[in-house]
Each structure stands twice: as C-alpha cells, then as structure tokens.
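The values are calculated or read from the model by the stated rules, or taken from the named source; none is laboratory data. Keep in mind it's a predicted model, so treat the numbers as computed, not measured. As a convention, Cβ positions derive from the backbone with ideal geometry for all residues, glycine included, and neighbour counts pool all protein chains shown.
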Amino acid sequence: MVLYLRQVAAANGVKWVRNGWMVFRRKPFALTALYCFAAFASMLPPLIFEPLQIVSMALLPLISLAFMLASHVVVQGGTPALGVFAIPFKVTAERRRAQLLLGLAYGLLLFLAFQLAQSVDGGALQHLDGLLAQPQPDPQAVLAAWAAPGLLDFLALLCITVTLLQIPFWHAPALVHWGGHGVAQALFSSTLALWRNRGAFAVYALVWVAVGLGAGLLLGILGALLGALAQPLMVFAGLMLSAVFYASLYFSFVDCFVAETPENIDA
C-alpha cells in the first residue's frame, strides 16, 4: 500500500474519539477481551522476572498496531480475535525485523525515561511504594507522600519525556505494517504527521483528558454512594475506556495517511 501524508482539520481529533467509541459499541466484548489479554501479556514478564519489565514496554507498539488491525476488522464487518496480535509477523522478513526493532527501541527509551524521572524524585517514589506495600497503609502518610515535591518532579519529567517519545512512535508500527516503511522512515513520517496535524492531535488529547476527568468524577460519586459495590463498575469502566482509546488509534492513522476515510461507522 502506498501511503501519503495529508493535513486534516483540528476538529478531526473529536471524530477519532467518536469513531473509536462507535467501533467499541459494535464489538464491546471482543475489544475488551483483547485489551484484557494485552494488559495481562504486558504485565506477565516482570512478574516472572522483574528486570523483564523492559519486555513489557517493548510490547506496547505491537499492542497499538494489533488494536488498529482489530478496528480495521470491525470496520470491515468482522469480529476481531487474538490472531490480530500475530498478523504483524505474518508479513515479509523486513517488516518483521522492523517491528521488532521498533519495539526494542521503544522499550529501551521508555525504560530510560523512567530512570531519568526517578533520578530527580529524591527517593519519593520508593517511599510511596513502601507505604502502599504495607498491609494497612496510613492514609495521611500516603497523602503526604503523594504531595511530596520529589514525586511531583518525577511525574512532571516523566510526563514530558513519555509525551515526546510518543510522537515518533505513534504511527510508526502502522507505517511499517501497511506502508512497508523502514524503521527510520517510519519514525520520521510519524513525527511529521503529528507535527503537521498538531491541531487535531491537541484536540484528540484534550477530549481524552476531559473523558478521563469526567469518568473519574462520576465514578468517585458512585463510589461514595455505593461503597464497595462500585468497585466492579470502576474496573469495567477502566477496561472499556482503555479499549475505546486503543480502538481510536486506527482512525488517527487512516485520517493522516490514507486518501479516503474509512467506511462510515455511524450507521
């Protein structure tokens, strides 16, 4: 497939979120199951051996591409299955190698971003982890740990570095898979796409922030009203929103790189 970059309106960021929701509404159980599998797969390596956390980080580009493929299947009228995680490797050897290199590079850079952020926290994160690991953590001590300046520095630096890291890797797996790009070309094209369409991506990010804040507020109210009964609802809402987010990635890609928009899924 020959792909070319185009510039889209800022309002398209809202459309990407809406289309992600429409895809999820068509196949909610399949997409939620895919997300649960992806979450479990990414958490498993460090549970087996803690230093393998870099493997978990390296899986994230593959997970994003698998959900793009899943959304494509739904748009075509099908039902996505676990096989979408294997599709990126049922291609040419060059594309398989490029996907593996992308994952390795992303995992290494994300690991370094965490290490850099931890270098400025003054031990605040380790202190917080120690408090939360206690059988009955002191609520006041936990709140004080969350408000520690070192932890705020950690979160700020981590947010900046991870955000910058997303830019070259956002579309890169899809560009390798559908466009046959090499690693360097895919990273460059992804960066260029996000820069030229920064208005749409800014709107996209703001919509997701608003959705997250709104969902958090609503779930907080329900938690206060229902107590422990609200816990399963919170878990389900988190899984659903995560699946919708990953489903929406496909539309940010096809809008920026494909001449025609995907099939109308509003019907």
- Can you work out which of the residues in the range 122-135 that are over 27 Å from the mean Cα position of the chain (by Cα) and part of a loop (DSSP other than H, G, I, E, B) is surrounded by the fewest Cβ atoms within 10 Å (Cβ to Cβ)? 135
- Is there any pair linking a residue in the range 188-206 that is over 21 Å from residue 173 (Cβ atoms) and touching a residue at least 12 places away in the same chain (Cβ under 8 Å) to one that is outside any helix (DSSP H, G or I) and among the β-branched types (Val, Ile, Thr), with Cβ under 9 Å and at least six apart or on different chains, and which? 199/8
- Could you look through the range 175-192, keep only residues that are within 18 Å of the chain's Cα centre (by Cα) and more than 15 Å from residue 96 (Cα to Cα), and pick out the one that is surrounded by the most Cβ atoms within 10 Å (Cβ to Cβ)? 190
- Out of all the residues in the range 193-211, is one or more modelled with pLDDT of 80 or more, of a type in the set (Gly, Ala, Ser), loosely packed, with under 15 Cβ neighbours inside 10 Å and over 25 Å from residue 109 (Cα atoms)? yes
- Message: Whether any residue in the range 136-151 is touching a helix residue (DSSP H, G or I) at 6+ places or on another chain (Cβ under 6 Å), part of a helix (DSSP H, G or I) and among the β-branched types (Val, Ile, Thr) is what I want to check.
- Response: yes
- Query: Out of 229, 219, which single residue is aliphatic (A, V, I, L, M), loosely packed, with under 15 Cβ neighbours inside 10 Å, without any contact (Cβ under 8 Å) to a residue 40 or more places away in the chain and part of a helix (DSSP H, G or I)?
  - Reply: 229
- Qualifying residue in the range 105-122 (condition: more than 19 Å from residue 158 (Cα to Cα) and touching a Pro at 6+ places or on another chain (Cβ under 6 Å)): no
- With the first residue restricted to the range 107-136 and required to be touching a residue at least 40 places away in the same chain (Cβ under 8 Å), and the second required to be among the acidic types (Asp, Glu) and buried (at least 16 other Cβ atoms within 10 Å of the Cβ), Cβ contacts under 9 Å at 6 or more apart or on different chains are 117/153
- Mind checking which helices (runs of 4 or more DSSP H) fall wholly inside the range 6-117 and carry at least 3 residues that are surrounded by fewer than 18 Cβ atoms within 10 Å (Cβ to Cβ)? 12-26, 28-48
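Does residue 162 count as loosely packed, with under 15 Cβ neighbours inside 10 Å, within 17 Å of residue 109 (Cα to Cα) and of a type in the set (Val, Ile, Thr)?
Working: loosely packed, with under 15 Cβ neighbours inside 10 Å: yes; within 17 Å of residue 109 (Cα to Cα): yes; of a type in the set (Val, Ile, Thr): yes.
Answer is yes for this residue.
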- Note on the structure: Expected output for the range 38-51 (first residue touching a residue at least 60 places away in the same chain (Cβ under 8 Å), partner among the small types (Gly, Ala, Ser) and not in a helix (DSSP H, G or I), Cβ below 8 Å, 6+ apart or cross-chain) is none
